[in-house]
Amino acid sequence: MAHTVIGSSIVVDGEITGDEDLVILGTVKGRISLRENIIVEPTGVVEASVETATITVNGSVTGDIQATERAELKTDCRMVGDIRAPRILIADGASFKGNVDMDG
Amino acid sequence: MAQGLDSSSPCVVGPQISIRGTLVGEEDLVVEGRIEGAVTLAGHLTVAQNGVLEANLDVDSVEVWGEVVGDIVASRSINIQKGARVHGNVTAPRVIIQDGAAFHGSVEMEVKLPDALAKSIRH
């Protein structure tokens, strides 16, 4: 499947919208609104409110996440903000500060 | 799902993605989708056939197969390919416009003018 990669030296300040997978190795500030999967790699920094189907965080996210399917916080990720999703997974070693809402 | 990418994977804005705002970076970028705003890149920018940029571009070099509406400044070269549509002013030491490209705007290259002409422009 086609997907978009925001490379490690890239900084996006604004709004990303669309309909395909997004891999973030760099920095995104502002707002992300997708109907697909987002992966924040260990070097990735997201300072944005995020709307998506699924998100997997290995890096750093500051902002609220709203996922229609699943949000997963992996080991060594850093997340500050509220998460709202039907399925939320937090791995051992993840650091997280915020509210969790699984009611949908 | 896209997974297992390392930092050497190319930076791509895919066909279903739209970015509104600024994009700054120091690596090569391929745009198949849409960017509105500004792009500042210390690297090579490729605007693919279906890519649309409504943005001012400040890059090392750029190759346009798709559509650019906005001014382009490149420190090395601007290459407007067959089938591309560019609307704006372009500035670079090397500007290449291929047969079959649609371009509307002004071109500025580093041109060494004849002395007499250079003087008359200056005064």
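Here, each number is a calculation from the coordinates, and none is a lab measurement. As the structure is a computational prediction, the values presented were derived from the model and not from experiment. Cβ atoms come from the backbone with ideal geometry, glycine included; neighbour counts cover every protein chain shown.
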Margin query: At a threshold of 8 angstrom on Cα-Cα distance, excluding pairs fewer than six apart, so keeping six or more, what relative contact order does the range B:11-122 reach in percent?
Written below: 15
Next item on the list: Excluding residues on the same chain fewer than 8 positions from A:K97, give the lysines whose Cα lies under 16 Å from its Cα.
Entry: A:K74
Notebook entry, point to check: Within a Cβ distance under 14 Å of B:D60, other residues only, what is the Lys/Arg minus Asp/Glu net charge?
Noted result: -3
Check: Expressed as a whole number of Å, what is the distance separating the alpha-carbon centroids of the range A:1-20 and the range A:65-103?
Finding: 21
Notebook entry, point to check: Given Cα pairs under 8 Å that are at least 6 residues apart, what percent is the relative contact order of chain A?
Noted result: 16
Next item on the list: Place the peptides A:13-26, B:73-86 in order of packing, highest mean first, counting for every residue the other Cβ atoms within 10 Å and averaging per peptide.
Entry: A:13-26, B:73-86
Checklist line | Those aspartates and glutamates that a straight Cα-Cα span of less than 12 Å connects to B:K82, excepting residues fewer than 8 apart in one chain | finding: B:E63, B:E67, B:D99
Check: Averaged over A:21-29, how many beta carbons belonging to a partner chain fall within 10 Å of each residue's beta carbon?
Finding: 4
Next item on the list: Return the calculated 222 nm mean residue ellipticity for the protein assembly as shown, to the nearest 500 deg cm²/dmol, obtained by summing -39500 (n - 2.57) across DSSP H runs with n ≥ 4 and dividing by the residue count.
Entry: -1000 deg cm²/dmol
Note to self: Need one word for the protein assembly as shown: rounded, prolate or oblate. Basis is the Cα gyration tensor (sqrt eigenvalues a ≥ b ≥ c); a/c below 1.5 gives rounded, then a/b vs b/c decides.
What the structure shows: prolate
Next item on the list: Could you give me the radius of gyration and the Dmax of the range B:11-122, taking only the C-alpha atoms into account and expressing both in angstrom?
Entry: 14.7, 53
Checklist line | Dipole magnitude (debye, nearest 20) for the protein assembly as shown, charges at Cβ of Lys, Arg, Asp, Glu | finding: 480
Check: Any idea how far the Cα center of the range A:21-56 sits from the one of the range B:39-111, in Å?
Finding: 29
Next item on the list: Two decimals is fine: what is log10 I(q)/I(0) at q = 0.14, 0.20, 0.23 Å⁻¹ for chain A, from a Debye sum with one equal scatterer on every Cα and no solvent?
Entry: -0.44, -0.93, -1.26
Next item on the list: Could you work out which residue, out of B:L57, B:L113, B:L45, moves most in a Gaussian network model of chain B, that is, has the largest mean-square fluctuation with Cα springs under 10 Å?
Entry: B:L113
Check: Just B:Q49, B:Q16, B:Q98 to compare: in a GNM of chain B, with alpha carbon springs under 10 Å, which one fluctuates most?
Finding: B:Q16
